[in-house]
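The values are calculated or read from the model by the stated rules, or taken from the named source; none is laboratory data. Nothing here was measured: the structure is a model prediction, and the numbers come from that model. As a convention, Cβ positions derive from the backbone with ideal geometry for all residues, glycine included, and neighbour counts pool all protein chains shown.
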Amino acid sequence: MNIKEFKNKAISGFSKLTKQQKIEWLISNVFESPREVIREFTEYWHKDEGRQKVFDEISENTLTNFYLPYGVAPNFLINGKMHVVPMVIEESSVVAAASKAAKFWLDKGGFKTEVLSTTKIGQVHFKWKGDTAKLRAYMPELKRSLINGAKPITANMEKRGGGILDIELIDFTDTEEDLYQLRASFETCDSMGANFINSCLEEFGKLLPGLIAEHEGFSAQEKVCQVVMCILSNFTPESLVRAEVSCKVEDLGTIEGMKAEQFAEKFAQAVRIAEIDPYRATTHNKGIFNGIDAVILATGNDFRAIEACGHAYAAKDGQYRSLSHAEVKGGVFRFWLDFPMSVGTVGGLTKVHPLAKRSLELLGQPSAKELMQIVATVGLAQNFGAVKALTTSGIQKGHMKMHLNNILANFEANAYEAERAREYFLDKVVSFASVREFLDTLR
């Protein structure tokens, strides 16, 4: 294929080009430094062609691999078991904060977690004109027929202890004319279950019009059913995990010169502010996701689904609120997080990406329930570190110290300059302006 013919035009069949041809087309139409672009793209290709093929096939129109730091946070004591947790994230202070929080709680009993429920949800939306009472009366029979019709899909999952839990009828006709929903609940064991759930739902969608048409209790008009769509929901409020820490207030010790009692009350107040103010809650919860997303990425799970679900859960009562909670009661400080998520340890990217497999090995080959607990723990630890900093020394002191390396790279500091800068800023405020001024003086 002649790449040049596409210059300054829309391109058809881009996905059919080879990787090299895609890069050539972009160089001809977008980039201004061909040699530099080719060098940068190709230097991140894996030297093992077989391994690179795996990465190329994970996504579409792949040009190269985009690297993010893969780090670990040690010293996480969760339900009496020690963990070294893998984290993939570009924000320099996150892994350090998680590690520091884990160490803080290590001699105070560590983190306690439990999975409250693991039910996932899928929906079949359909249009139907008729007597809702008659449709509700038909539901028990309809449910049995749909579940039996999906048996070829659910057989293997049922052997592992999962499958379809229930199907209920949801009536939306008060807000959308003739609109109903079949809301199905699922147990997917150690898999996230997206493909399984969607396959079941699409089978329901195929079966539903025929079953409605065959039902003798419906009139001619009521025998017509139009399926609109069949899709899982990433909102899983019944797939819920709790992580918490607690100790006697005096066991918190002196923190940044602040007495334990003062710190505990101030910390709890800061969390309550995030419970009542959506502006604060958004940043507060972002800190939780700093930890959660990093572990989700490292284990090859879907961080977009986790984010969407978490934010929906934070707004479940009509106002966006903090996902974590704190209290000081009876001389005990308690800090906890209830978080909805659907994760997997089998199938999908968890078995394709080599580092995702290593992450699960690092965590001791956890079940999906165990992974939920680890992920929630890191989110809570991250949140503890952020709120602790905010209520004591301030967020910028530690963050900008960790960010110093990025600033030095931005100014292309050499090894000597970087070392001098780290020494100079040990007891000084770090900012772009102050680092620039220091380097200018040094140079």
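Evaluate region 209-219: report whether one residue or more is free of Cβ contacts under 8 Å to residues at least 40 places away in the same chain and either in contact with a Pro (Cβ under 7 Å, 6 or more places away or on another chain) or over 30 Å from residue 140 (Cα atoms) (or both). No, the conditions are met nowhere in region 209-219.
Screening region 412-425 for residues that are in contact (Cβ under 8 Å) with a residue 12 or more places away in the chain and over 37 Å from the mean Cα position of the chain (by Cα) and picking the one that is surrounded by the fewest Cβ atoms within 10 Å (Cβ to Cβ) gives 420.
Give region 174-186 a look and list any residue that's more than 13 Å from residue 147 (Cβ to Cβ) and either touching a Ser or Thr at 6+ places or on another chain (Cβ under 7 Å) or not β-branched (Val, Ile, Thr) (or both), or say none. Walk me through it before giving the result.
Taking region 174-186 as the starting set, the residues that turn out to be more than 13 Å from residue 147 (Cβ to Cβ) are 174-181, 183.
Within region 174-186, 174, 176, 177, 178, 179, 180, 181, 183 meet the criteria.
Residue under question is residue 93, and the condition is that it be at pLDDT below 95, farther than 25 Å from residue 342 by Cβ and either crowded, with 19+ Cβ neighbours inside 10 Å or assigned by TED's automatic domain parsing to the domain that holds residue 199 (or both); does it hold? Working first, answer last.
On the way: at pLDDT below 95: yes; farther than 25 Å from residue 342 by Cβ: yes; either crowded, with 19+ Cβ neighbours inside 10 Å or assigned by TED's automatic domain parsing to the domain that holds residue 199 (or both): yes.
Yes; evaluated as a whole, the condition is true for this residue.
The helices (runs of 4 or more DSSP H) found entirely in region 337-443 that carry 2 or more residues being acidic (Asp, Glu) are 415-424, 432-442. Only a single criterion out of (1) surrounded by 10 or more Cβ atoms within 10 Å (Cβ to Cβ); (2) touching a Ser or Thr at 6+ places or on another chain (Cβ under 9 Å) is not satisfied by residue 58, namely (2). Considering every residue within region 215-232, establish whether at least one is under 32 Å from the mean Cα position of the chain (by Cα), closer than 26 Å to residue 311 by Cβ, surrounded by 21 or more Cβ atoms within 10 Å (Cβ to Cβ) and not β-branched (Val, Ile, Thr). The answer is yes, given that some residue of region 215-232 is under 32 Å from the mean Cα position of the chain (by Cα), closer than 26 Å to residue 311 by Cβ, surrounded by 21 or more Cβ atoms within 10 Å (Cβ to Cβ) and not β-branched (Val, Ile, Thr).
List the residue pairs whose Cβ atoms are under 7 Å apart, where the first residue sits in region 296-307 and is over 14 Å from residue 366 (Cα atoms), the second is buried (at least 24 other Cβ atoms within 10 Å of the Cβ) and of a type in the set (A, V, I, L, M, F, W, C), and the two are 6 or more positions apart or on different chains. The qualifying pairs are 302/192; 303/296; 306/292; 306/296; 306/341. Taken as a whole, the condition of being under 23 Å from the mean Cα position of the chain (by Cα) and of a type in the set (Lys, Arg) does not apply to residue 272. Scan region 322-336 for residues that are assigned to a loop (DSSP other than H, G, I, E, B) and either surrounded by fewer than 21 Cβ atoms within 10 Å (Cβ to Cβ) or at positive phi (or both) and the total you get is 2.
Is one or more of the residues making up region 247-263 outside the structural domain of residue 130 (by TED's automatic domain parsing), in a helix (DSSP H, G or I) and over 30 Å from residue 80 (Cβ atoms)? Scanning region 247-263, I find at least one residue that is outside the structural domain of residue 130 (by TED's automatic domain parsing), in a helix (DSSP H, G or I) and over 30 Å from residue 80 (Cβ atoms), so the answer is yes.
Contact map, region 15-32: first residue assigned by TED's automatic domain parsing to the domain that holds residue 52, second residue polar (S, T, N, Q) and part of a loop (DSSP other than H, G, I, E, B), Cβ cut-off under 7 Å, separation 6 or more or different chains; pairs are 15/61; 19/62; 22/61; 29/8. Being out of contact with any Gly (no Cβ under 8 Å at 6 or more places or on another chain), surrounded by 12 or more Cβ atoms within 10 Å (Cβ to Cβ) and of a type in the set (S, T, N, Q), is that true of even one residue in region 146-157? Looking through region 146-157, none of the residues is out of contact with any Gly (no Cβ under 8 Å at 6 or more places or on another chain), surrounded by 12 or more Cβ atoms within 10 Å (Cβ to Cβ) and of a type in the set (S, T, N, Q).
Test residue 428 against the stated conditions and say whether it is in the same structural domain as residue 100 (by TED's automatic domain parsing), more than 29 Å from the chain's Cα centre (by Cα) and surrounded by fewer than 19 Cβ atoms within 10 Å (Cβ to Cβ). Considered against the rule, which asks whether it is in the same structural domain as residue 100 (by TED's automatic domain parsing), more than 29 Å from the chain's Cα centre (by Cα) and surrounded by fewer than 19 Cβ atoms within 10 Å (Cβ to Cβ), residue 428 comes out as no.
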